[in-house]
Each structure stands twice: as C-alpha cells, then as structure tokens.
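Data first, discussion second: the structure below is written as structure tokens.
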Amino acid sequence: IVFDFICSVTKNLPEIAVYGGYSKKLKHLHPETNPARYNSLAILIAILFSVIIFGSTANVLYSILAFFLILVFFLILPTMEMNKRKSEMEMALPFFMRNFGMLIDMGIDFQKAMVLSVDGYGTLEKEIKIINRQVNGGISIQKALVGLAISFDSIGIKRAISQLITIYESGGSGKDLRKMGDELISLEQHALKEYAAKSSMFGLLFVMA
C-alpha cells in the first residue's frame, strides 16, 4: 500500500534521469510510473527529512546521514516490494499449478485455464492477468510467460513457467502440472520445517545464554 501510494504521487514531478537496477523492478511493479519522476520524489523527501533533522539537532552530520538513509530507502523499496510479491506468488504457485492441470485435463483452452486457475490468488492473479492482457494485445504466450520468469529471482517461479511453456508447446496433459504443484508444496513444507528447526535452535541458544 505504501509503495503504491508513493508511485501515485510521482506523476507531476520533474524528471531526474538517473537510473539503476531498481528502475527495471519499478517498471515491472508499476509500468505507469516514470523512474525519473520517482527519483525526483526520492530526492525531494530526502532533502525534506535532512532539513527537519538539521532544524531539530543543528547537526550537519545527522542531516547528511538522514538524506542518504532516505535516499537509500527509496532505492531499495522496489526490490523489497518485488521480494514481497515473489514470496506471495511462491505461496500460491502450487495450488495454481494443480488447478491449472485439472482444467487442462478437462479440455479447457490453455489461456482461459490459466486465468481461471489463478482466481483469488492475489499477486499471482495480478501477474497472470497482465500476461493475459499482453497475449490479447498480440504478444505470444511464450514471450509473456518468459517475461514473468525473468522479472522474479525465484527458482520455483522459473520452473513453473518452464513447465507451462512446455505444456503449451507440446500439448501435454495436466498431470505434469499437478505433479509439479505437489512438488512445490513439498518444498514449501521442507522449508518451513527447516525454518522451525533453526528458530528452535536459536531459541535454545538464547535461553542457554
């Protein structure tokens, strides 16, 4: 919500054309947001905070530090939002794959099955709807799916997209999709168990200390 609000207030700001790796993430998250105007907002708020800090402390060092901290926050914010969306997608992906496989086996068209399978899955639903709009606009399904896979640094998402493309091109059954969904669920359960084990270990060490 915070990130969406920040992007919404950049429309009328001047452009400062300084780009970094964050700009690609920003364009994926908010295609309508101009990265150059996002830079302007970041610098404007950083200056505002530095002035406030200087006014309350009369310390130039604190003021400069505040400026750079706010600026860094804005630069890493798109990455933080991408990681958040990646986690949400990874959580929904197994169920999406199982639903998709079932609909494919029922003989439903690939694109229609893709949209129906993702209903109610939040971030993943938004991404699939973007793909659907791109395909309706003339982009091939393979290219649209590859674009999604490239956008997120996730092995699970890339594997799932690769499987979808294979099914689309070869006309395979939905059994493979359901199998991958089950595999992804197993991986998530393993990761949760590993996290719980590490948490218990740290908790035990803390109590012993």
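Here is a yes/no grid of residues against (1) under 19 Å from Val9 (Cβ atoms); (2) out of contact with any helix residue (DSSP H, G or I) (no Cβ under 8 Å at 6 or more places or on another chain); (3) not small (Gly, Ala, Ser):
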site	(1), (2), (3)
Ala36	yes, yes, no
Ser50	no, no, no
Ala66	no, no, no
Pro78	yes, no, yes
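How many residues, within region 19-33, are over 13 Å from the mean Cα position of the chain (by Cα) and surrounded by 11 or more Cβ atoms within 10 Å (Cβ to Cβ)?
Summing the residues that are over 13 Å from the mean Cα position of the chain (by Cα) and surrounded by 11 or more Cβ atoms within 10 Å (Cβ to Cβ) in region 19-33 gives 4.
Taking region 1-44 on its own, how many of its residues are without any contact (Cβ under 8 Å) to a residue 60 or more places away in the chain, of a type in the set (A, V, I, L, M, F, W, C) and in a helix (DSSP H, G or I)?
10
Mind checking which residues of region 99-156 are at positive phi and surrounded by 12 or more Cβ atoms within 10 Å (Cβ to Cβ)?
Gly122
From the list Met180, Met201, which residue is modelled with pLDDT under 65 and out of contact with any Phe, Trp or Tyr (no Cβ under 8 Å at 6 or more places or on another chain)?
So the residue among Met180, Met201 that is modelled with pLDDT under 65 and out of contact with any Phe, Trp or Tyr (no Cβ under 8 Å at 6 or more places or on another chain) is Met201.
Collect the residues in region 69-89 that are in contact (Cβ under 8 Å) with a residue 12 or more places away in the chain and more than 20 Å from Cys7 (Cα to Cα), keeping them in residue-number order.
The answer is Glu88, Met89.
With respect to Ile47, determine if the residue is among the β-branched types (Val, Ile, Thr), in contact (Cβ under 8 Å) with a residue 12 or more places away in the chain and either open to solvent by less than 70 Å² (accessible area, probe 1.4 Å) or assigned to a loop (DSSP other than H, G, I, E, B) (or both).
no
Does any residue in region 162-179 that is among the hydroxyl-bearing types (Ser, Thr, Tyr) come within less than 9 Å, Cβ to Cβ, of a residue that is modelled with pLDDT of 85 or more and open to solvent by 70 Å² or more (accessible area, probe 1.4 Å) six or more places away or on a different chain, and which pairs are these?
So the pair list comes out as Ser173/Asp105.
Can you pull out every residue in region 99-114 that is farther than 15 Å from Leu148 by Cα and either hydrophobic (A, V, I, L, M, F, W, C) or not in a helix (DSSP H, G or I) (or both)?
Correct list: Phe100, Met102, Leu103, Ile104, Met106, Gly107, Ile108, Asp109, Phe110, Ala113.
The values are calculated or read from the model by the stated rules, or taken from the named source; none is laboratory data. Since we're looking at a predicted model, the values are computed, not measured. As a convention, Cβ positions derive from the backbone with ideal geometry for all residues, glycine included, and neighbour counts pool all protein chains shown. Note: accessible area is taken over every heavy atom of the protein model, side chains too, but ligands, DNA and RNA are not part of it. Shrake-Rupley method; radii C 1.70, N 1.55, O 1.52, S 1.80 Å.
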